[in-house]
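This report concerns only the one structure given below.
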Amino acid sequence: MPADSLESAAAELLDDFRTGVWHPSVEERGLADGLAHIRWSEDSLRASLRDLPQAAADGRLCALLALVAQAIAEAPEAASDGTLLQVRVLIDALTPPLAGSG
């Protein structure tokens, strides 16, 4: 999937979250929280997606993250060059703030 398509898909999901159209499951939020605290690579994303409950695995976030893992597999620099910025913004929006912040 081209980078601009990934960015668009992430932006759409973020908009759906912010407008209440999409409500991520508890498991999807947990996945986002875990991803917010690790360095992204094809292996780390695929490991995070393994062994999720079926409801989470079938969700919109996992579908997007599977595409992200594929994009990183095809172009490893995408993990750190800003290509996935919109995906990271989405993950941050789904992640609870750290204790003591805000």
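Any read-out appearing in this document is the output of simple, stated calculations on the displayed coordinates, not a laboratory observation. Since the model is a prediction, treat every value here as computed from it, not as a measurement. All Cβ positions, glycine included, derive from the backbone under ideal geometry; neighbour counts span all protein chains shown.
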Of 69, 79, 38, which is farthest along the charge dipole of the stretch 3-94 in the positive direction, counting Lys and Arg as +1 and Asp and Glu as -1 at C-beta? 38
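In a shell of Cβ-Cβ distance under 13 Å around residue 10, excluding residue 10 itself, what net charge do Lys and Arg (+1) and Asp and Glu (-1) give? Before the final figure, lay out the partial values.
On the way: positive: 18, 60, 88; negative: 4, 7, 12, 15, 16, 92.
Counting the neighbours of residue 10, the net charge comes to -3.
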Say each of residue 5 and residue 95 gets a label point 7 Å from the Cα, pointing the same way as Cα to Cβ; how far apart are those two points in nm? 2.7
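Subtracting the Cα-Cα distance from 0.36 nm times the residue separation, let me have the gained length for residue 38 to residue 55 in nm, one decimal.
3.8 nm
Using r as the Cβ-Cβ distance of residue 74 and residue 18, and R0 as 35 Å, what FRET efficiency do you calculate, to the nearest 0.05?
On the way: r = 29 Å, r/R0 = 0.84.
With R0 = 35 Å, the Cβ-Cβ based efficiency is 0.75.
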Match the structure shown to one of the listed values [x] 21.2, 71; [y] 22.1, 72; [z] 12.9, 39 of Rg and Dmax of the Cα atoms in Å, computed from it, and give that label. [z]
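Treating the beta-carbon of each Lys and Arg as +1 and of each Asp and Glu as -1, no other charges, what is the dipole magnitude of the chain about its Cα centre, to the nearest 20 debye? Could the numbers behind the result be given before it?
Details: 7 positive and 16 negative charges, 56 e Å.
The calculated dipole for the chain is roughly 260 debye.
How would you rank 89, 21, going from fewest to most other Cβ atoms within 10 Å of each one's own Cβ? If you can, show how the numbers build up before the last one.
Values: 89 14, 21 10.
Listing 89, 21 from fewest to most nearby Cβ atoms yields 21, 89.
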